[in-house]
Amino acid sequence: MSVKPLREGGPAARIAVIAGDGIGKEVTPESVKAIRSAITSARRQMEFVEFDWGADKFLHEGVSLPAGAVEMLTKEFDAILFGALGDPRIASNQHAADILLGLRFKLDLFVNARPVELFHDRLTPLRDRSAKDIRFMVLRENTEGLYVGVGGFFKKDTPDEIAVQEDVNSRKGVERIIRHAFDYARRNQLKRVCMSDKSNAMAFAHDLWQRVFKQVRQEYPEIESRHLYIDTLAMEVVRDPRQFDVIVTCNLFGDIISDLGAQLAGGLGLAPSGNIHPGRTSLFEPVHGSAPNLAGKGIANPLGSILASGMMLDFLGWKSEGDALRNAVRSALQENFVTPDLGGDKGTVEVGDWIAKRVADR
């Protein structure tokens with residue numbers, strides 16, 4: 001999974017930094033700090049360019065995603081490090097939809113990659129499970145399904161109101177995410193791919209998923225492949241997470257099952273994600289959201305953002321540096337040098353400084 005050719009005479013990579021709102025503004029600088037430590041140790045060059053897109057800009061200027069932003073990001077940047085969006089002053093959350101969903105769709109980031117990895121045994125709510133039992137990847141189709149916004153209201157705000165939401169699935173979209181799942185498994189020497197749908201109830205949309213899965217799986221005979229309905233998958237992930245290496249599913253189901261997986265691995269504060277189109281500018285973010293109730297208190301957990309940064313370094317082809325961030329997070333959890341949500345008593349900046357030093361000393 002590589003990016004565009006490196007620019008002649010310039011930095012090895014250019015990163016757009018969009019901290020956004022709430023605790024996004026607090027955890028993102030800690031990620032940049034950790035990345036700088038990792039790349040300095042490896043003598044790599046990276047340029048960070050910050051953008052002030054978020055609630056404040058939207059409220060003051062009426063601008064969410066500026067004109068020409070997508071073209072600029074595509075041409076000038078290798079990746080986007082994203083914080084979080086959401087502000088109680090904007091009840092509709094319109095700016096968040098414009099920016100985050102806008103970038104996902106307009107950059108065609110069809111892969112939402114959500115690794116589920118338990119870094120310390122004490123963090124899982126599952127009895128008698130350890131780090132060796134909980135480690136799999138959820139690959140969610142990221143540009144279609146029920147999230148495309150196709151639908152409408154009839155007789156709104158009356159007793160006869162009807163709301164229609166269309167589930168859009170194209171053969172191209174389904175095939176490329178399923179193929180990506182098998183390619184990911186093959187590239188990482190993983191043995192199993194599970195596709196999940198609800199084809200017993202969604203006879204048209206998920207019949208397409210069934211037919212494409214059966215076709216594509218034949219090209220990967222060395223990989224064990226199976227299908228589970230989404231309700232069965234949810235039960236099985238809790239019952240025995242060891243049986244999964246790669247899970248691939250649609251937009252809505254992937255959103256749900258990846259949050260379930262995150263809880264098994266310690267909660268959303270430790271959950272990173274990548275919004276990816278292989279070979280193109282892609283976006284990496286923590287999953288936890290802007291958490292307005294925590295903003296400004298200095299206790300936001302930066303580890304999810306740092307783990308997302310590790311995914312970004314992997315995407316750039318710098319796996320050693322990505323591993324350094326993950327190993328530092330693992331060490332912080334082992335030594336309980338963490339924020340209150342994980343049972344510690346440290347602040348956001350304290351944890352960020354500790355991670356950066358651990359990476360530098362590796």
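The values are calculated or read from the model by the stated rules, or taken from the named source; none is laboratory data. All of these numbers come straight from a predicted model, not from anything done at the bench. Every residue, glycine among them, receives a Cβ derived from its backbone with ideal geometry; neighbour counts consider all protein chains shown. Keep in mind that these areas ignore ligands, DNA and RNA; they rest on the heavy atoms of the full protein, side chains included. Shrake-Rupley method; radii C 1.70, N 1.55, O 1.52, S 1.80 Å.
A few comments on the model shown:
- Cα-based radius of gyration of region 212-362 once divided by 2.2 N^0.38 Å, which approximates compact folds: 1.19
- The candidates Arg192, Arg114, arranged from most to least accessible area with a 1.4 Å probe in the full protein assembly, appear as Arg192, Arg114.
- Rounded if a/c under 1.5, otherwise prolate or oblate - region 304-362, Cα gyration tensor axes: prolate
- Within the chain, percent of DSSP bridges classed antiparallel, to nearest 5: 40
- Taking Tyr184, Tyr220 and ordering them by how much accessible surface each has at a 1.4 Å probe, largest first, produces Tyr184, Tyr220.
- Kirkwood Rh and Cα Rg combined as Rg/Rh, region 124-221: 1.12
- Of the DSSP H helices in the chain, those whose Cα atoms cover at least 24 Å axially and whose Kyte score averages -0.5 or more: 24-41
- Checking every one of the GluC sites (Glu not before Pro) in region 84-186 against DSSP loop status and a limit of 15 other Cβ atoms within 10 Å picks out Glu161, Glu166.
- Percent of Cα pairs in region 239-278 per distance bin of 5 Å, from zero to the largest separation: 6, 18, 27, 31, 14, 4, 1.
- Residue-normalised accessible area of the chain, expressed per residue, 1.4 Å probe, Å²: 44
- Among the GluC sites (Glu not before Pro) in region 254-362, those located in a DSSP loop and surrounded by at most 16 other Cβ atoms within 10 Å of their own Cβ are Glu335.
- For the chain, taking Cα atoms only, Rg and Dmax work out to 20.3, 65 Å respectively.
- Straight-line cross-link reach from Lys214 at under 18 Å between alpha-carbon atoms covers these lysines, not counting any fewer than eight positions away in the same chain: Lys172, Lys191, Lys198.
- Computed on the chain, with alpha-carbon pairs under 8 angstrom and 6+ residues apart, the relative contact order is 25 percent.
- Taking Val150, Val27, Val216 in turn, the Gaussian network model of the chain (Cα-Cα springs below 10 Å) assigns the largest fluctuation to Val150.
- By the rule of a C-alpha distance below 14 Å, with chain neighbours fewer than 8 residues away ignored, the aspartates and glutamates paired with Lys57 are Asp21, Asp87, Asp98.
- For region 90-150, the set of trypsin sites (Lys or Arg not before Pro) satisfying both a DSSP loop assignment and a count of at most 13 other C-beta atoms within 10 Å is given as Arg127, Lys132.
- A helix-only calculation puts the chain at -11500 deg cm²/dmol for mean residue ellipticity at 222 nm, using -39500 (n - 2.57) for each DSSP H run of at least four residues, averaged over all residues.
- Kirkwood Rh and Cα Rg combined as Rg/Rh, region 186-245: 1.00
- Percent of C-alpha pairs per 10 Å bin in region 1-111, short distances first: 13, 42, 33, 11, 1.
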